[in-house]
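Below is one structure; the comments refer to it alone.
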Protein chains: 2
Amino acid sequence: MSTVSSYQTGALSVPKSAAIAQMSMAPARHRYPLFPVLTEGCPLASTTDIQFPLEIEFALNRVSSDDFRGMASKQDRYASLLTPVVAELYLGEGYTPLVSADRALGRSNSSRQQIYIKDESQNPTGSHKDRLNRLTVSAAVLSNSPGIVVSSSGNHGVSAAAYAARAGLPCILITMPGICPIYMRMANAYGAAAVAVPAEMRWPLMRQVVAELGFHPVSNVTTCHTGHPFGPEGYKPISYEIAATLGCAPTAVFVPTGYAELLFGIHKGFVELRALDLIDTVPQLFSVEPAARGPLALAMRTGADIGCVEALPTDAAAIACTVSSYRGVVALRDSGGRALTVTDDALRAAQSAMSRSGIYPELSAAAGLAALKQLLAEDHAFDGPVVVVQTGGGVKDPESSDVSIPVIDPTWPALRTVLSERYGIRVCS
Amino acid sequence: MSTVSSYQTGALSVPKSAAIAQMSMAPARHRYPLFPVLTEGCPLASTTDIQFPLEIEFALNRVSSDDFRGMASKQDRYASLLTPVVAELYLGEGYTPLVSADRALGRSNSSRQQIYIKDESQNPTGSHKDRLNRLTVSAAVLSNSPGIVVSSSGNHGVSAAAYAARAGLPCILITMPGICPIYMRMANAYGAAAVAVPAEMRWPLMRQVVAELGFHPVSNVTTCHTGHPFGPEGYKPISYEIAATLGCAPTAVFVPTGYAELLFGIHKGFVELRALDLIDTVPQLFSVEPAARGPLALAMRTGADIGCVEALPTDAAAIACTVSSYRGVVALRDSGGRALTVTDDALRAAQSAMSRSGIYPELSAAAGLAALKQLLAEDHAFDGPVVVVQTGGGVKDPESSDVSIPVIDPTWPALRTVLSERYGIRVCS
């Protein structure tokens, strides 16, 4: 079994990790050493119908609960419950703020029910994906990989490119034609070699890069989603941070959900806090998918391990999956959670409400608020604090609403007209 | 004199502030009550040639140094040394990470000299301006203003729009034709009424909005830059956070400089830490302006209070000023600092170096690194930690370098060609 001392880190510094094994999420729970990283899912349990993801086993008895008390935003404070991180790859990910959702919900701040937004857009590249890529790119470095490869047309790829740059590793970003120019510009800035190929060719080409060059894949390479075994562990600090800020576990957490890596990581984080006796209960998780797809919601309805749906159109690109991951089923089942879906119209309304409260999410990132609004409209009650995860900023959003700014005569009457139209402010001349 | 108890806050919550007066920065140091906010500079000392800014006086004996120890990222932890903030306006600003600059400088991490980047792009709207606007928009709320008005074609306006949205106040954003579409989209998302007028008409129109509607101006309205008296105080926590993370004051801080509000705020923050006996020395500050302009550098060379330069072309839009502010002279003089300038080519090289290390700044935000690289190339030595402030993210940067992503045949030979060109990776087929 690998231990910290066996990593070939050269001059790199690796804080202490209590990770001890890769463990299959299949019912048989096969165990494997921590390295090499099994990026193609559990070799023993997977079939052509379902590939089972792996999660990481930690020696919780080696973790000090002191690390999890208080609010300190110290670099790699939570390293013991992460897979081994390379200290030098730190870009400031994590420790995102928890801000009130009152204005976004049109409520007064005197409401009894505490509802917060966890703003993941305040990560280094503007989304929660930075938490994952710190771990997956660290895994590439610790595996002595000559480079990384990622298939993505959004936040995941941009984030992987940033961490690859930090590691000094080549990064191949495989995307589709028509990728939003802002993502292109960022990937280029970080120095990635980005190429666009037809959508269905992305994964075969990615697997070829892995096979031919030995590059480390930091996004999924299997038919069902198994993803990188280390990735979801990077989301656990979201839970640690929430509990530290609130002083307790929330009652419910709403999570925009694509392949459910975030959902699973948040659940596992709370489970660990309970195991460390730092919280009393594990919150109920609500996954939120676009109504046009919703493979996890389908799996939950049918009792299947995996849901598979038609690719009906939705603008929520970041969470528009046609196949769900087994991780999602596990997180909802074990937290007594629920799979919710929201229409694109509801997403747009929530995006606007959140933006008008000063927090500008990309369309998909408004899913949590959209679903919560639905439940609140149905008089659903929560008996403790509720957290909505805002997964990424709107600044990169290809969905740009009206961007015209009127060029006016530089006169008071012209400005008055704009104010009257926009705010109904009427001023006598 | 205004005290906290006199604010008409309604149901709003205002953490305790030790701010007691507005104080003229003119040599005579006239004092005024904290409210009304003197947004047109010192009324007694200003002339048509120079308008003197105001800063805020604090009762340091009412501040507990305990608030400034440790690393806790608690909402409004530093409120005692800020002007009164409305708790409800919190968007998660501040507590930005301090990350190693080693890779951006092409140094190994074993270098003796510690050099860090303070990444202000990880603020709610992606720049340091959020720290300022939390305070200026709080001032608008506490002044019972019916709205806010800002003149900006960049980060300042977008940030003001977000905090106005948070406050539920109308926001008039006066900009120029040709503003970068990303700023436009953000301002619209936050619900601002944005209008474009010819550049020279922005301030007259802004003054008219103030006069006719009583809107609170959160950007400068005077000929020389005086700015909002409360604004620069919002930058002081940058210094508190740096000192808390390092456990000491840095030796030098490099600051991209336009109107020097940031420079002054950082200096004042360290001066306060020394007054509270939390650090031993105040760091030397280096202002960094574009070589094509550099009004502060001119003022320092000539010993003038204000520098005024021709509007020669530069792409560093966020720091492309033709007139300097008196605050800048004070900050450099009192810190034994220096006014540096960098060419656009040096900015582009630094922007690229920083991006290739995983931190993507807008062009102006690379100024600190560009200037530091110049000094290091001249064998300038520092006898302690050095901090470079990265003021804002490149994602909004209108200066987009090459954004083309090649659409390739989804074949291995086609990808090999890209890899060979980009990274020099050659693979036999």
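In terms of solvent-accessible area of protein heavy atoms at a 1.4 angstrom probe, what is the ranking of B:Phe254, B:Phe58, highest value first?
On the way: B:Phe254 0, B:Phe58 25 Å².
So the residues, ranked largest to smallest area, are B:Phe58, B:Phe254.
Averaging the Cα positions of each part gives two centres, and for the range B:184-252 and the range A:47-96 these lie 38 Å apart.
Among the residues of the range B:117-132, those with an accessible-area drop of 40 Å² or more from chain alone to full protein complex, heavy atoms and 1.4 Å probe, are B:Gln122. Between copies, B:Ala87 shows label-point distances of 3.8 nm, shortest first, with the point placed 7 angstrom from Cα along Cα to C-beta.
Shown are A:Trp412, B:Trp203, whose ranking by accessible area with a 1.4 Å probe and every protein chain present, most to least, is B:Trp203, A:Trp412.
Evaluated at q = 0.17 Å⁻¹, the base-10 log of the normalised Debye intensity for the range B:180-317, with identical point scatterers placed on the Cα atoms, takes the values -1.14.
Highest mobility in the GNM of chain A, judged by mean-square fluctuation with C-alpha springs under 10 Å and restricted to A:Val407, A:Val389, A:Val282, is found for A:Val407. Between the range B:263-304 and the range B:149-178, what's the alpha-carbon centroid distance in Å? First find each Cα centre; the distance between them is then 27 Å. The angle between the Cα long axis of helix B:155-167 and the longest principal axis of the Cα atoms of chain B comes to about 50 degrees, rounded to the nearest 10. With the cut-off at 32 Å, tell me which of the pairs A:Lys74/B:Lys396; B:Lys373/B:Lys396; A:Lys74/A:Lys396; A:Lys16/B:Lys373; A:Lys16/B:Lys16 have Cα atoms farther apart than that. Cα-Cα > 32 Å for A:Lys16/B:Lys373; A:Lys16/B:Lys16; rest within.
The mean accessible area for residues of the protein assembly as shown, using a 1.4 Å probe and ignoring ligands and nucleic acids, is 34 Å² per residue. Amide H to amide H, with H built 1.01 Å from N, B:Ile20 comes under 5 Å of B:Glu57, B:Phe58, B:Ala59, counting only residues 5 or more places away or on other chains.
Packing, as the average of other Cβ atoms within 10 Å across residues, places the peptides B:417-425, A:74-82 in the order A:74-82, B:417-425, highest first.
With distances taken between every two different alpha-carbon atoms, the range B:297-367 has a Kirkwood hydrodynamic radius of 13.4 Å.
In this view, the solvent-accessible surface of A:Glu378, computed with a 1.4 Å probe and all protein chains in place, comes to about 130 Å². For chain B, a Kirkwood radius taken over Cα pairs fed into Stokes-Einstein (25 °C, viscosity 0.890 mPa s) yields D = 111 µm²/s. Plainly put, the tip 7 Å out from Cα toward Cβ on B:Glu310 is 6.8 nm from that tip on each other copy, the closest given first. Shown for the range B:103-242 is the translational diffusion coefficient from the Stokes-Einstein equation, using the Kirkwood radius over Cα pairs, a temperature of 4 °C and a viscosity of 1.567 mPa s: 81 µm²/s. Among B:Cys42, B:Cys224, B:Cys180, the residue with the largest mean-square fluctuation in a Gaussian network model of chain B, with springs joining Cα atoms closer than 10 Å, is B:Cys180. Note on the range A:311-429: Kirkwood hydrodynamic radius from all Cα pairs is 17.4 Å, rounded to one decimal. Result for chain A in a Gaussian network model with C-alpha springs under 10 Å: among A:Ala292, A:Ala45, A:Ala11, the largest mean-square fluctuation is at A:Ala11. A simple packing score, the average count of other Cβ atoms within 10 Å per residue, orders the peptides A:305-316, A:130-141, A:352-363 as A:130-141, A:352-363, A:305-316, with the highest score first.
Per-residue mean of foreign Cβ neighbours for B:406-417 is 6 (Cβ atoms of other chains, 10 Å radius). For the pair B and A, how large is the buried accessible area, both sides, in square angstrom to the nearest 100, if the probe is 1.4 Å? Chains B and A together bury approximately 7000 Å².
Placing a label point 7 Å from Cα along the Cα-to-Cβ axis, B:Asp277 is separated from the same position in the other copies by 4.0 nm, shortest listed first. With the simple model of a label 7 Å out from the Cα in the direction of the Cβ, A:Cys308 to A:Arg29 spans 2.9 nm.
Compared with the dominant Cα axis of chain A, that is its longest principal axis, helix A:344-355 is turned about 80°. A probe of 1.4 angstrom, applied to the heavy atoms of all protein chains, finds B:Met184 with accessible area near 30 square angstrom.
Kindly work out what percent of the DSSP beta bridges joining two residues of the range A:225-341 are antiparallel, to the nearest 5. Taking every DSSP beta bridge within the range A:225-341, about 10 percent pair in antiparallel fashion.
Between the Cα long axis of helix A:236-246 and the first principal axis of chain A there is an angle of about 50°, rounded to the nearest 10. The stretch between B:Val407 and B:Ser143 holds 89.5 nm of extra length on full extension. This uses 0.36 nm per residue minus the Cα-Cα distance.
Size of the range A:54-97 from its Cα atoms: along the principal axes, largest to smallest, the extents are 26, 24, 18 Å.
Our summary gives chain A a relative contact order of 16 percent, counting only alpha carbon pairs under 8 angstrom and 6 or more residues apart.
The values are calculated or read from the model by the stated rules, or taken from the named source; none is laboratory data. It should be emphasised that the depicted structure is a prediction, and the values quoted were computed from it without experimental measurement. Quick reminder, even Gly has a Cβ in these numbers, built from the backbone with ideal geometry, and neighbours come from all protein chains shown. What goes into the accessible areas is simple: the full protein's heavy atoms, side chains included, and nothing from ligands, DNA or RNA. Shrake-Rupley method; radii C 1.70, N 1.55, O 1.52, S 1.80 Å.
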